[in-house]
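Below is one structure; the comments refer to it alone.
The values are calculated or read from the model by the stated rules, or taken from the named source; none is laboratory data. None of these values were measured; they are calculated from a predicted model. Cβ: placed from backbone, ideal geometry, glycine included. Neighbour counts: every protein chain shown. Ligands, DNA and RNA are stripped out before the accessible areas are found, and what is left, the full protein with its side chains, is counted by its heavy atoms. Shrake-Rupley method; radii C 1.70, N 1.55, O 1.52, S 1.80 Å.
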Amino acid sequence: MGPVAEAVLLAMLLEPALLLVQELPGPATVEPAPCLNLKFDPWAMTLSWDCRENTTAVECGMIHAEKGLVSVKLQEKQCASSFWNYALHAGVTFHLTVNISQRQVTERLVYTNTGQEGTAAQNFSCVIYNANYMNCSWTKGPAAPDDVQYFLYVRDSKKQLGRQCPHYVQESGMHVGCHMQDVSSWASEAYFLVNGTSRHAEIRFFDSFLSLKTIERYNPPGNVTVHCNTTHCCIRWQKPRARSRLSDLDLQYQLQVQWQIEVPGYLGNEYQLLSPQPRDVHTLRIRAADTRVLQWGAWSQPVTFGSKEVGGKLVHVYMLVVLGTVICALAASCLIQRLCRRHRLLSPVPQIKDKLNDGHQLDQVPWETLAPAAEKGDVEDLLTVEEVAEPTATTSDAATSASP
């Protein structure tokens, strides 16, 4: 074999070897886990993340300090989730799990309430009245510095934009309350946020979700009227003014006519009071509340019905009845005492009973019943007593005894 043939043969043998060497796998490379870039907007209560073409959402939720684990259902291509109706001042932890290129990725986000403990506003409460006005109040945190200043923000569930309190109530220069108007257009729930500022410490915030139905106090029922006949008095009134439209089933009434009467709203704005003639003067007041909350509103203006003259006559009649009853009782008591004394004076004196001459026969017991049984064989001694006559004194004995 010549040199050329050898070279060709060597080249043919080396080519498969080179191909095998090229096909050998290199060292494994681990791709870094993709970042989901979780973001949370506390004002909008929305958790968002980056979405890619090959990203599929699997699970989303949070760990709440008061309500525990909260899970939210997601769509496959969903890139945000809302956590409305959850207060954040105690801190929460969000978690998200997605599939990216057939790989499951989980990411967490911790949302904390920064600031010194005890600096947040406390004892927060709100009341809606006259259907369109709201007052809120709070107190200073125990660890808050003296220069702390609080601010209130409110957002209802319909509007994304919130509003700051337009009229603050101050105490020594510090905001401790708020007065707001035009709340009748708000939705059924609202988010309240009270944060604070200070030059000496970082102030924690306080937030709360409130149902407007639970904090509303209804106005007193209007146009209260009373019409009476010989046996009953018909009481009528109008529905109270409220922030939203109410049905009869939503209302509960309380009537005060010397006692309190509960009247459900489905019976209509009317009540038949049993009050036969003659009737004394009565004072009527009415208030209303929601049947599901029973937070009673203010009393209506008092309405009087009845007659004062009848009341005076009835008082006199009652006094005469009571006086006659007392007199009859005293007379009966005196009569009973007199009869008892007479009975004791005229009762017969007990006499000594004469058993020999009263004509009653004594109970006689036969002798045989007193005799002992024959089989006992007892021997008894009998003692016979005879009467002996005394001897007559002779004449000589009498003379002897008579001489000195």
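The residues of region 210-245 that are touching a residue at least 40 places away in the same chain (Cβ under 8 Å) and surrounded by fewer than 17 Cβ atoms within 10 Å (Cβ to Cβ), listed by number, are Thr214, Gly222, Thr225, Thr230, Thr231, His232, Arg241, Ser244.
Selection of region 209-228 for residues being in a helix (DSSP H, G or I) and out of contact with any Ser or Thr (no Cβ under 9 Å at 6 or more places or on another chain) yields only Thr214. Scanning region 131-152 for residues that are open to solvent by 40 Å² or more (accessible area, probe 1.4 Å) and touching a Lys or Arg at 6+ places or on another chain (Cβ under 7 Å) turns up just one, Asp147.
Residues in region 197-209 that are farther than 18 Å from Ser157 by Cα and charged (D, E, K, R) were compared, and the one that is least open to solvent (accessible area, probe 1.4 Å) is Arg204.
For region 165-194, the set of residues classified as open to solvent by 50 Å² or more (accessible area, probe 1.4 Å) and closer than 16 Å to Phe124 by Cβ consists of Tyr168, Val169, Glu171, Glu189, listed by residue number. Trp43 fulfils the conditions (1) open to solvent by 60 Å² or more (accessible area, probe 1.4 Å); (2) part of a strand (DSSP E or B); (3) touching a residue at least 12 places away in the same chain (Cβ under 8 Å); (4) not assigned by the TED database to the domain that holds Ser184 except for a single criterion, (2).
Has region 115-126 got any residue that is in contact with a helix residue (DSSP H, G or I) (Cβ under 6 Å, 6 or more places away or on another chain) and either closer than 20 Å to Leu210 by Cα or assigned by the TED database to the domain that holds Glu189 (or both)? Yes, region 115-126 contains at least one residue that is in contact with a helix residue (DSSP H, G or I) (Cβ under 6 Å, 6 or more places away or on another chain) and either closer than 20 Å to Leu210 by Cα or assigned by the TED database to the domain that holds Glu189 (or both). Take Pro25 and decide whether it is open to solvent by less than 60 Å² (accessible area, probe 1.4 Å) and either modelled with pLDDT of 90 or more or not in a strand (DSSP E or B) (or both). So Pro25 fails the test.
One residue alone among Phe94, Phe124, Phe151 is under 30 Å from Pro220 (Cβ atoms), among the hydrophobic types (A, V, I, L, M, F, W, C) and outside any loop (DSSP other than H, G, I, E, B), and that residue is Phe124. Checking the structure you have, find out if any residue of region 246-253 is open to solvent by 20 Å² or more (accessible area, probe 1.4 Å), modelled with pLDDT under 90, in contact with a Pro (Cβ under 9 Å, 6 or more places away or on another chain) and part of a loop (DSSP other than H, G, I, E, B). Yes, there is a match, as at least one residue in region 246-253 is open to solvent by 20 Å² or more (accessible area, probe 1.4 Å), modelled with pLDDT under 90, in contact with a Pro (Cβ under 9 Å, 6 or more places away or on another chain) and part of a loop (DSSP other than H, G, I, E, B). Out of all the residues in region 82-99, is one or more modelled with pLDDT under 80 and over 30 Å from Ser211 (Cβ atoms)? No.
For region 28-40: of the residues being at pLDDT 85 or above and outside any strand (DSSP E or B), which is farthest from the chain's Cα centre (by Cα)?
Initial filter on region 28-40 (at pLDDT 85 or above): 37-40.
If we keep only those that are outside any strand (DSSP E or B) as well, we get 37-38.
Values: Asn37: 46, Leu38: 42 Å.
Of everything passing the filter in region 28-40, Asn37 is farthest from the chain's Cα centre (by Cα).
For region 312-353, a residue qualifies if it is within 30 Å of His282 (Cα to Cα), among the β-branched types (Val, Ile, Thr) and at pLDDT 70 or above, and the qualifying residues are Val321, Val322, Thr325, Val326. Screening Asp248 on (1) touching a Gly at 6+ places or on another chain (Cβ under 7 Å); (2) closer than 24 Å to Ile128 by Cβ; (3) in contact (Cβ under 8 Å) with a residue 24 or more places away in the chain shows it passes everything except condition (3). Residues satisfying the criterion are present in region 287-303 (criterion: open to solvent by less than 40 Å² (accessible area, probe 1.4 Å), among the aliphatic types (A, V, I, L, M) and in contact with a Pro (Cβ under 8 Å, 6 or more places away or on another chain)). As a summary of the residue check, Ala143 satisfies the conditions (1) of a type in the set (Gly, Ala, Ser); (2) assigned to a loop (DSSP other than H, G, I, E, B); (3) outside the structural domain of Val194 (by the TED database) except for the one numbered (3).
Annotation note: of Glu59, Glu66, Glu76, the sole residue that is of a type outside the set (S, T, N, Q), in contact (Cβ under 8 Å) with a residue 24 or more places away in the chain and more than 26 Å from Asp156 (Cβ to Cβ) is Glu59.
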